[in-house]
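The values are calculated or read from the model by the stated rules, or taken from the named source; none is laboratory data. What you see is a predicted model, and the numbers here were worked out from it, not measured in a lab. No Cβ is skipped: glycine too gets one built from the backbone with ideal geometry, and neighbour counts run over all protein chains shown. Just the protein is used for accessible areas: all its heavy atoms, side chains included, with ligands, DNA and RNA removed. Shrake-Rupley method; radii C 1.70, N 1.55, O 1.52, S 1.80 Å.
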Amino acid sequence: GLSERNFLGKGQKVKFQSSLANTRSTYDISITEPYFNNKPLALTTSLYSNFTDPTNVNYETEDLGFGLSTSFPISVDRYLELRYSLFTSKIKTNSSATAYENALAGTDTVSQLGYTLTFDRRNFRYKPSKGFNLKLSQDLAGLGGDSYYYRNSFEFNYYKRLSNKIIGAYKLQGGNIN
């Protein structure tokens, strides 16, 4: 894979990752413009593809995904990210498939809308030595597609300098899906 945080000296983040093997090929591409129209408004577009044809089962899978997101500050220490993604997964069986494998066959489409609210009170964004950050996320699937759920999650990170060379971190994550 290739990843660049300052593409062509413009601050854009570009990522291209690929994995190729006899039974699997995966591609993951994303582009982020961190200051759209010279404002602190980040826009991200991503594409994902995964094709799997394992030799020990009688089916193959093909996953395709597309995502858009935007993030921006709402105050000095609060940020909001809004996102949408469309993901489809297709399973095709061959003539040797078992009844269970045939039951897996078909296409599943997920259309998801979500947001993340971040509170950031760390002294530095990268390599913090004191402070905390908290992320609250919600996603809703079912705006089109054939999967329906809502997901809530949170992440809390606390940092404290323990000595000149040691920084302690306490991290907690949780969530639910219905």
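Taking amide H as placed 1.01 Å from N in the peptide plane, the amide H of Arg24 sits under 5 Å from that of Asp53, each at least 5 places away or on another chain. List the relative contact order of the range 32-96 as a percent without decimals, with contacts defined as Cα pairs under 8 Å and 6+ residues apart. So the answer I get is 29 percent.
With every protein chain kept in the model, how would you rank Val76, Val110 by accessible area, 1.4 Å probe, largest at the top?
Result of the area sort, largest leading: Val76, Val110.
Remark: spin-label model distance Val76-Thr55 equals 6.2 nm, labels positioned 7 Å along the Cα→Cβ axis. Taking the DSSP bridge list for the range 31-178 and keeping only pairs wholly inside it, about 100 percent are antiparallel.
In whole percent, what relative contact order does the chain give with Cα contacts below 8 Å and a gap of six or more residues?
11
For the listed residue pairs Lys10/Lys39; Lys39/Lys135; Lys127/Lys160; Lys130/Lys171, the alpha carbons are over 18 angstrom apart in Lys39/Lys135.
Among the listed values [x] 36, 20, 19; [y] 38, 22, 15; [z] 31, 18, 14, the one computed from these coordinates for semi-axes √(5λ) of the Cα gyration tensor in Å is [x].
Taking Phe51, Phe119 and ordering them by how much accessible surface each has at a 1.4 Å probe, largest first, produces Phe51, Phe119.
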